[in-house]
Each structure stands twice: as C-alpha cells, then as structure tokens.
Amino acid sequence: MDGRPPFVVLDGVDGCGKSTQAARLVEALRGRGLEVEHLREPGGTPEGEALRALILGRDSELSAGVEALLFCAARRQLLERRVAPALERGAAVVCERFHPSTFAYQAAAGGLPEGPLLDLLHTWAGSPAPDRVLLLELPVPEAAARRGAATDRIEDRGLEFQEAVRRGLERYAELAPELAQRVDAAGSEDEVAGRVWAAVEDLLG
Ligand SMILES: Nc1ncnc2c1ncn2[C@@H]1O[C@H](COP(=O)(O)OP(=O)(O)O)[C@@H](O)[C@H]1O
Ligand SMILES: [Mg+2]
C-alpha cells in the first residue's frame with residue numbers, strides 16, 4: 001500500500017450490513033483525520049448510475065454474461081473516475097461491493113466459469129486494486145430478515161439464489177486469501193463495527 005490511505009471493499013449478501021458498516025468505517029476513518037471517498041457499486045459515477053439502473057431495473061432481461069460485462073464496465077468507470085483520483089490526492093476509499101459480488105452472483109450463482117470471469121475482472125477492472133476486501137458473513141435467512149422485501153431485479157431471485165451467492169463469496173475468499181478477509185457479521189452493529197475496524201487497522205500504519 002506504500003504509505004497511502006487504504007482502499008477497502010465491503011462485500012456480502014444482501015442485507016448483511018454492508019451499507020451500515022461502510023458508514024461506520026467511513027466515520028471511524030474520518031475520525032482519524034483522513035479524507036474518505038465512500039462509494040457503492042454499481043454506480044458512483046453518472047455513467048455507472050445509468051448502468052446500475054439498466055442492470056437492476058425490473059424491465060431488463062440480461063444473461064449472466066451481459067450482467068458480468070456491464071458490472072465490469074461500471075467498475076472500471078468507478079476506478080478511473082473516482083477511486084484513482086481519490087487515492088492520488090491522499091484520500092482513503094471505502095467501496096460497497098466489488099469483484100466478490102460479480103464472482104458470486106454471475107459465476108457461482110449465475111453459472112459463468114470462475115477462471116475466465118476472474119480474468120475479466122482483473123484484466124479490465126484490476127487497477128487500482130483494493131488493499132483489503134472484507135466479506136461480511138451472515139446466514140442468508142438472517143440477512144433477509146434484516147433486509148426486508150426485495151427492491152430490485154437481482155434481489156427478486158429469492159433465498160436459494162442468495163444461498164448460492166453466499167457460497168460463492170466463501171469460494172472467493174478461498175481463491176483470494178491474500179486479499180479477502182472474512183468477518184462475522186452477526187451481532188450488534190457495534191460488535192460488527194469492532195470486527196471491521198480490527199480487520200483494517202493494520203493498513204493505517
Ligand atoms: N448488526 C446489525 N444488527 C441488526 N440489524 C442490522 C445490523 N446491521 C445492519 N442492520 C440493519 O439491517 C438492514 C440491512 O443493512 P444494510 O447495511 O442496508 O445491509 P446491506 O447494505 O448489506 O444490504 C438495515 O435495516 C440495517 O439497519
Ligand atoms: Mg446496502
């Protein structure tokens with residue numbers, strides 16, 4: 001990480017607490033005097049928000065392959081337009097969702113082959129790379145209970161699909177052990193925030 005503030009990703013199934021914990025982490029980093037760019041995927045740029053509406057809109061009919069390409073395009077736009085400039089000016093970056101979600105939704109749960117999908121993401125949306133990827137782990141029924149009703153085309157797919165996503169995130173952690181860190185997302189917001197902080201503290205020097 002060569003001394004600059006960290007680029008941290010929070011990923012996990014719908015409702016596991018990514019947005020809650022991203023906000024807590026941003027607050028904690030700002031409390032340390034850092035400027036922090038808080039991003040969510042897909043989106044974060046006008047073009048990325050347009051892709052988000054296309055990908056998640058209930059009127060869209062997209063295969064897993066098209067979804068993967070659109071997510072990859074939205075991610076590259078975010079990396080070029082938001083992440084790289086933030087890191088260059090010395091800001092930390094906290095991003096909700098990243099490669100693990102694409103891997104889990106479009107490969108593990110969506111049927112695309114793992115290796116080519118990871119190659120796609122690393123080749124075309126590989127830089128700047130996160131310093132750490134936290135996978136917030138919560139059983140799917142608990143996450144669904146936290147989340148409430150589905151609000152988009154992908155959330156509509158139900159608990160069995162979410163379970164395949166959860167297994168896909170575990171698989172991602174196995175394939176990227178140098179980057180991914182599993183964090184137990186059960187318990188109170190404060191408890192989880194403590195675990196998230198413990199998982200990134202060493203990046204702050
Ligand atoms: N540790 C927690 N315990 C109970 N409820 C939580 C916890 N963390 C988040 N929530 C609630 O669960 C719901 C989903 O959390 P959210 O952060 O939006 O998840 P995600 O962004 O992963 O979908 C929200 O209503 C949030 O307030
Ligand atoms: Mg969220």
Among the residues listed as 28, 22, the single one being within 13 Å of ligand 1 (Cβ to nearest atom), part of a helix (DSSP H, G or I) and at pLDDT 95 or above = 22
request  = Identify the residue in region 31-56 that is basic (Lys, Arg) and within 16 Å of ligand 1 (Cβ to nearest atom) and, among all such residues, is surrounded by the fewest Cβ atoms within 10 Å (Cβ to Cβ).
outcome  = 40
task = Inspect all residues belonging to region 65-82 and state whether any of them is within 16 Å of ligand 2 (Cβ to nearest atom), under 17 Å from residue 122 (Cα atoms), in contact (Cβ under 8 Å) with a residue 60 or more places away in the chain and within 18 Å of the chain's Cα centre (by Cα).
result = no
Helices (runs of 4 or more DSSP H) within region 80-192 that include 1 or more residues exposed (fewer than 14 other Cβ atoms within 10 Å of the Cβ) = 84-88, 114-124, 140-147, 158-175
key: Residues of region 26-55 satisfying the condition of being farther than 23 Å from residue 80 by Cα, in contact with a helix residue (DSSP H, G or I) (Cβ under 8 Å, 6 or more places away or on another chain) and not basic (Lys, Arg)   = 28
request  = Being closer than 23 Å to residue 173 by Cβ, within 16 Å of ligand 2 (Cβ to nearest atom), among the basic types (Lys, Arg) and touching a Cys at 6+ places or on another chain (Cβ under 8 Å) narrows it down to one of 24, 40, so name that one.
outcome  = 40
request  = Kindly provide the set of residues from region 109-119 that are in contact with a Leu (Cβ under 8 Å, 6 or more places away or on another chain) and not charged (D, E, K, R), ordered by number.
outcome  = 118
task = Among residues belonging to region 1-19 that are touching a residue at least 40 places away in the same chain (Cβ under 8 Å) and more than 13 Å from the chain's Cα centre (by Cα), point out the one that is farthest from ligand 2 (Cβ to nearest atom).
result = 3
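The values are calculated or read from the model by the stated rules, or taken from the named source; none is laboratory data. Source: prediction; values computed, not measured. Positions of Cβ are backbone-derived with ideal geometry, glycine not excepted, and every protein chain shown enters the neighbour counts.
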